[in-house]
1. So for the range 40-61 (the condition being hydroxyl-bearing (Ser, Thr, Tyr), crowded, with 22+ Cβ neighbours inside 10 Å and closer than 30 Å to residue 474 by Cα), does at least one residue qualify?
2. Can you spot a residue in the range 292-315 that is within 25 Å of residue 113 (Cβ to Cβ), away from the ligand (no atom under 16 Å from the Cβ) and in contact (Cβ under 8 Å) with a residue 12 or more places away in the chain?
3. Return a yes/no flag: does the range 141-163 have any residue that is closer than 20 Å to residue 229 by Cα, surrounded by 21 or more Cβ atoms within 10 Å (Cβ to Cβ), modelled with pLDDT of 95 or more and more than 16 Å from the ligand (Cβ to nearest atom).
4. Among the residues of the range 52-92, count how many are among the small types (Gly, Ala, Ser), under 23 Å from the mean Cα position of the chain (by Cα) and either part of a loop (DSSP other than H, G, I, E, B) or farther than 30 Å from residue 140 by Cβ (or both).
5. Which strands (runs of 3 or more DSSP E) sit wholly inside the range 211-329 and have at least 3 residues that are over 30 Å from residue 352 (Cβ atoms)?
6. Scanning the range 200-237 for residues that are of a type in the set (S, T, N, Q) and without any contact (Cβ under 8 Å) to a residue 60 or more places away in the chain, which turns out nearest to residue 296 (Cα to Cα)?
7. Suppose we filter the range 199-220 for residues that are under 10 Å from the mean Cα position of the chain (by Cα) and over 15 Å from residue 163 (Cβ atoms); how many remain?
8. Could you please give the count of residues in the range 314-343 that are modelled with pLDDT of 95 or more, surrounded by fewer than 19 Cβ atoms within 10 Å (Cβ to Cβ) and more than 17 Å from residue 253 (Cα to Cα)?
Amino acid sequence: MGFPINFLWGGAIAANQCEGAYLTDGKGLSISDVMTKGSLRESRKLTWIIPETGKTGFTGTGFPSPICLPENARLAVLDDVYYPSHNAIDFYHHYHSDIALAKELGLKCMRISINWARIYPNGDDSEPNEKGLQFYDGVIDTLLEAGIEPLITLSHYEMPLNLVNSYGGWLDYRLIDYFERYVITLFNRYKGKVRYWLTFNEINAIYISPYMTAGLLKQDEQSRAQALHHQFVASARTIRAARQIDPDMKIGQMITRGPLYTLTSNPKDKLVLMEKRHEEGTPEVQVLGYYPPYKLKEYERKGIKVEMLPEDMEVIKNNTVDFIGFSCYGSTVVTADKKAIANTGNMLLGVKNEYLLQSEWGWTIDPDCLRLTLNELYDRYHKPLWIVENGLGAFDKLEKDGKIHDPYRVEFLEAQIKSMQEAVEIDGVDLIGYTPWGWIDLVSAGSGEMKKRYGFVYVDCDDDGNGSYKRYKKDSFYWYQKVIENNGIKEEE
Ligand code: BGP
């Protein structure tokens, strides 16, 4: 009973949230480099300049405040503005010691991402940046030497900024070719070394955050549908390239997912639930190789026309994913009752669940969300699954003696792991691994804060980048170490 012996216990991080060194060794600007810090109450902003006049300003990222750029404005880094991605936790210069900590923690796998703008600084360059590749050679070799299997996201809320300013992001078909060039460079370089890859982080989050997922400056549904289609084609072409270059590679999709509950037993609530699931995205395209009828009907109803080349659906059909990776942070309650009180959470929108608590950032704490989600996905798609993100963002206090006592994190994760364990032991779900989010503290994607911490390792730096950047092991570090050692949570614990 329990997890398979080769179960991949791990932890996840992403380039733009941890690396820093935003212009080092030839890296180009990426879309995260023009995003300011926000907070629970104030959303992050994008900064812009009109080159002809020198006029500068701020606009929303589309999540939740709208993107509104004046004519001729380009997204740009401005003087005297703080951008969290520029230094982040400086993983770029700490990766040797950080990976040593991960080894001590016992990680068998680490989910990282590659920053496209380190490899192709402008996205449309004809030659890759050798220094950028050398950085990832170092990270990957250090992981392998530590016995840690890399799982690499090719685009985690990341793309070269030039592709937004000059092409309008994933709305432009040419990005498929540029992305393919980028992944072929990586696959040739890391064949035989890196087995597991994910294409686009939370690809279905385009409905929530079109800029972060697809570099979109437009938010209308037509643009989102078109950009998403381009990402589907790029994802399929990535799989095609992997099969040609290294057939041992396994490529997954990455979606955000959590259970949906109805507020009441009114069938109208259940209909809203079904419709919300449909609105949330179409795992079918990457998993089964076709657009499901509900999405085609929705496009027809809304007058959305997705332009497709004749070969697009062929490549999508012939290159489906090997596994489904997903992030799961909590659950959402839906209802047909318009008056029901809106949840205070900033990402998991819905109605307040009176049976569950919320995190300090308003995210629902649901001890059963993993078992439910794993079963739903497995029943529907019959593909191996991988929980590539899960966790609790919380305030932590560094004590004078260098300790961090975080029983809330242990309590949260213990329930999550038990839930995932039930899906494996009781329901027989095929689960490859578990990489909880932010095994080391890093910048929050949603708010840009440092104080929203997920890690087993504390990083001493604040929301404005001040601090020693020293790493400290939290109490949860020793707890997770034991979970991995025991290959799960033992009954008596
Ligand atoms: C996911 C993103 C991650 C990560 C996580 C936690 O949606 O893929 O990049 O940041 O959410 O969110 P946050 O950092 O806003 O707490």
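The values are calculated or read from the model by the stated rules, or taken from the named source; none is laboratory data. Just so it is clear, the structure is predicted and the values come from calculations on it, not from any experiment. Quick reminder, even Gly has a Cβ in these numbers, built from the backbone with ideal geometry, and neighbours come from all protein chains shown.
1. Scanning the range 40-61, I find no residue that is hydroxyl-bearing (Ser, Thr, Tyr), crowded, with 22+ Cβ neighbours inside 10 Å and closer than 30 Å to residue 474 by Cα, so the answer is no.
2. Checking the range 292-315: at least one residue is within 25 Å of residue 113 (Cβ to Cβ), away from the ligand (no atom under 16 Å from the Cβ) and in contact (Cβ under 8 Å) with a residue 12 or more places away in the chain.
3. Within the range 141-163, the subset closer than 20 Å to residue 229 by Cα is 153-160, 163.
Those left that are additionally surrounded by 21 or more Cβ atoms within 10 Å (Cβ to Cβ): 153-160, 163.
Subset that is modelled with pLDDT of 95 or more: 153-160, 163.
In the following step, the residues that additionally are more than 16 Å from the ligand (Cβ to nearest atom) were identified as 160, 163.
Yes, the range 141-163 contains at least one residue that is closer than 20 Å to residue 229 by Cα, surrounded by 21 or more Cβ atoms within 10 Å (Cβ to Cβ), modelled with pLDDT of 95 or more and more than 16 Å from the ligand (Cβ to nearest atom).
4. Matching residues across the range 52-92 total 4.
5. 250-256
6. Applying the filter and picking the extreme gives 223.
7. Number satisfying all stated conditions: 4.
8. 1
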